[in-house]
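Below you'll find the structure, written out as structure tokens, and then a few comments.
The values are calculated or read from the model by the stated rules, or taken from the named source; none is laboratory data. Just so you know, these numbers come straight off a predicted model, no measurement behind them. Cβ placement follows ideal geometry from the backbone for every residue including glycine, while neighbour counts extend to all protein chains displayed.
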Amino acid sequence: MSALLSMPVELHKLNTSSNRIACAQWHRHINAVNADARLADYLIDSGSLTTRLTQACAQFRVQRLHQLRALCLQDEFQAVKLARPLQVMERDVLLRCDEAPVVYAHTVLPLAANASQWPLFASLGNRSLGSTLFNDPLVKRGALCFARLGVRHPLMRRIAALGLLDADEKTLFARRSVFERKGSRLLVTEVFLSAILRLPN
């Protein structure tokens, strides 16, 4: 068994029930989600989000929440060319600027992927996946898609469980894109938390 698949087998507790609850509507054009201008600027930025956040604060860090086998969400299996929701390698992290969480990032990788296709994925720890992707000439990024996640979406439920939703927040803006390397697809979803608007322009 490859190193990529040798991590402990564990299903995320929120996946088994919330997979069936809600799907997001993903759009190719930013206007479809009605984001305000400042947040839209983050959403459509095709550069490295890690680099941008690093430049916007004194201390940037990645906090890994988990990296394990889990059932992929109902609205993401087709993006990584699975026939139906199946188990994948799932990695969820918080991106923190001066300790404030500003982005909840969620990555899924089909179990068919191997260490040759994604050599650093299994050993990332608290390092930035984005830095790895943007510095690898073999990685190709697909088009950005945008959504407003409602409170019933599985990722919103995870964010709420961490106490990261303001009392009056019913939706959060998110984007996602597929990265491809050596024929294998990896899907990265980034949910933008309200604290990101408190960063300097």
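Regarding region 16-33, can at least one residue be identified that is charged (D, E, K, R) and either part of a loop (DSSP other than H, G, I, E, B) or modelled with pLDDT under 95 (or both)?
Scanning region 16-33 turns up at least one residue that is charged (D, E, K, R) and either part of a loop (DSSP other than H, G, I, E, B) or modelled with pLDDT under 95 (or both).
Can you tell me how many residues in region 146-201 are touching a residue at least 40 places away in the same chain (Cβ under 8 Å) and of a type in the set (Gly, Ala, Ser)?
Qualifying residue count for the region: 7.
Closer than 15 Å to residue 188 by Cα and at pLDDT 95 or above: which single residue out of 124, 129, 94 fits that description?
Selected residue: 94, the only one of 124, 129, 94 that is closer than 15 Å to residue 188 by Cα and at pLDDT 95 or above.
Just checking, how many residues over region 80-109 are within 13 Å of the chain's Cα centre (by Cα) and of a type outside the set (D, E, K, R)?
12
Could you tell me whether residue 52 is within 17 Å of the chain's Cα centre (by Cα) and without any contact (Cβ under 8 Å) to a residue 40 or more places away in the chain?
yes
To keep it simple, each residue is scored yes or no on (1) under 15 Å from residue 189 (Cβ atoms); (2) surrounded by fewer than 16 Cβ atoms within 10 Å (Cβ to Cβ); (3) basic (Lys, Arg).
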| site | (1), (2), (3) |
| --- | --- |
| 36 | no, yes, no |
| 43 | yes, no, no |
| 53 | no, no, no |
| 61 | no, no, yes |
| 81 | no, yes, yes |
| 84 | no, yes, yes |
| 88 | yes, no, no |
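Could you list, in sequence order, the residues of region 165-180 that are surrounded by fewer than 19 Cβ atoms within 10 Å (Cβ to Cβ) and either out of contact with any Cys (no Cβ under 9 Å at 6 or more places or on another chain) or of a type outside the set (Gly, Ala, Ser) (or both)?
Correct list: 165, 166, 167, 168, 169, 170, 171, 178, 180.
State all residues of region 93-120 that are buried (at least 22 other Cβ atoms within 10 Å of the Cβ) and farther than 26 Å from residue 149 by Cα; if no residue qualifies, say none.
If the condition is that a residue be buried (at least 22 other Cβ atoms within 10 Å of the Cβ) and farther than 26 Å from residue 149 by Cα, then 113, 118 are the ones that fit.
Can you list residue pairs whose Cβ atoms sit under 9 Å apart, with the first residue in region 109-121 being within 14 Å of residue 138 (Cβ to Cβ) and the second being among the acidic types (Asp, Glu) and surrounded by 14 or more Cβ atoms within 10 Å (Cβ to Cβ)? Count only pairs 6 or more apart in sequence or on different chains.
Here the result reads 120/136, each pair linking region 109-121 to a residue that is among the acidic types (Asp, Glu) and surrounded by 14 or more Cβ atoms within 10 Å (Cβ to Cβ).
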